[in-house]
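**Student:** Supplied in structure tokens, the structure appears directly below.
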Amino acid sequence: MKSGKSFHTIAAASLKEYVTALQESGLDGIPVAMAGAAPVVPASPTISTPVVEMLMSKDQPHESLERIRKDLGECQHCKLGKARKNLVFGVGNPHARLVFVGEGPGADEDLKGEPFVGAAGQILNRIITAMGLKREDVYICNVVKCRPPGNRDPEQDEIAACASFLLRQLQSIRPEVVVALGKFAAQTLLETKEPISRLRGKFRDFHGIPFMPTYHPSYLLRRQGEGSMEAFWEVWDDMTQVLRLLKLPVPEKNRKR
Ligand code: URA
């Protein structure tokens, strides 16, 4: 993120709009009293923004993914809306125990309207299969729902426009683990500039959900050419921690380096 505003600050700002829309429609997803307390731009960025905490609270009434997708509609909240072919909401099991969050759709995803269907998606599929899981078992989504032109990093206004939708997706699914795929998703959600090489491999807390940063599948693709399997095995080490936390069997792998 280029400016000093945190993910949670901008999420809170876009949540304010969501809360207002809920109030106007008479729906009570978030208590009205909290809506009043929601800062549009808090004086200082804080990770414990009341509305974000409220939204991610276990007491929050359940909201379906369909409902959240419907609210997004043909979203034009940021400049990515004009250029996209398809909005890429997310795919997978609405009751998934494990959610993967990437950065944003690429060209293939934009064409198909589904996350991780291109080359990086093939690598992600192999990781999921290696874990003994199927793509339909997990849920896959991105920080931003529309393709940034030329696959550049999403900008702050674009993250802001999508933040509340991502939080609502996570709140709807309430997974037992979130895996952040790559530097951008990990740094944005954890509000840190720490390099992914240091973030990966350790569980963090994301509003009560264990959160594991790991390398992006595209990074593994780029490293393949160098003949190094090291990054792949680091991802595998991260995924074995995820499997253990989920109390799922850890398939044996033969590490030839
Ligand atoms: N890279 C991402 O971060 N997300 C996708 O959906 C595809 C590629």
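Only the coordinates and a few stated rules stand behind these numbers; no lab work does. Note that this is a predicted model, so its numbers are computed, not measured. All Cβ positions, glycine included, derive from the backbone under ideal geometry; neighbour counts span all protein chains shown.
**Student:** Where does region 100-194 land on the Kirkwood hydrodynamic radius, alpha-carbon pairs, in angstrom?
**Tutor:** After inverting the pairwise mean of 1/r, the radius is 13.8 Å.
**Student:** Would you calculate the separation in nanometres between label points at Lys202 and Asp59, each defined as 7 Å from the Cα along the Cα-to-beta-carbon direction?
**Tutor:** According to this spin-label approximation, the distance is 3.2 nm.
**Student:** Further, regarding this structure: Cross-link list Lys79/Lys183; Lys134/Lys247; Lys112/Lys145; Lys82/Lys112: which exceed 21 angstrom alpha carbon to alpha carbon?
**Tutor:** Lys79/Lys183
**Student:** Here's something else I'd like to know. Report the FRET efficiency, 1/(1 + (r/R0)^6), for Trp233 and Glu176, where r is their Cβ-Cβ distance and R0 is 22 Å, rounded to 0.05.
**Tutor:** My answer for the efficiency is 0.35.
**Student:** Under 19 Å Cα-Cα from Lys202, which aspartates and glutamates qualify once same-chain neighbours fewer than 8 residues away are excluded?
**Tutor:** Straight-distance partners of Lys202: Glu176, Glu191, Glu194, Glu230, Glu234, Asp237, Asp238.
**Student:** Just check region 154-200 against the gyration tensor rule for me: Cα atoms, a ≥ b ≥ c as the square roots of the eigenvalues, rounded for a/c under 1.5, and otherwise prolate or oblate depending on whether a/b exceeds b/c.
**Tutor:** Because a/c hits 1.5 or more and a/b fails to exceed b/c, region 154-200 counts as oblate.
**Student:** So for region 151-257, averaging the separation of alpha carbon pairs under 8 Å that are six or more residues apart and normalising by length, what relative contact order in percent results?
**Tutor:** The value is 22 percent.
**Student:** Still on this structure, I have one more. Starting from the 7 Å offset along Cα-to-Cβ, what nm value, one decimal, do you get for the label separation of Glu194 and Glu74?
**Tutor:** Placing both labels 7 Å along Cα→Cβ, they lie 4.4 nm apart.
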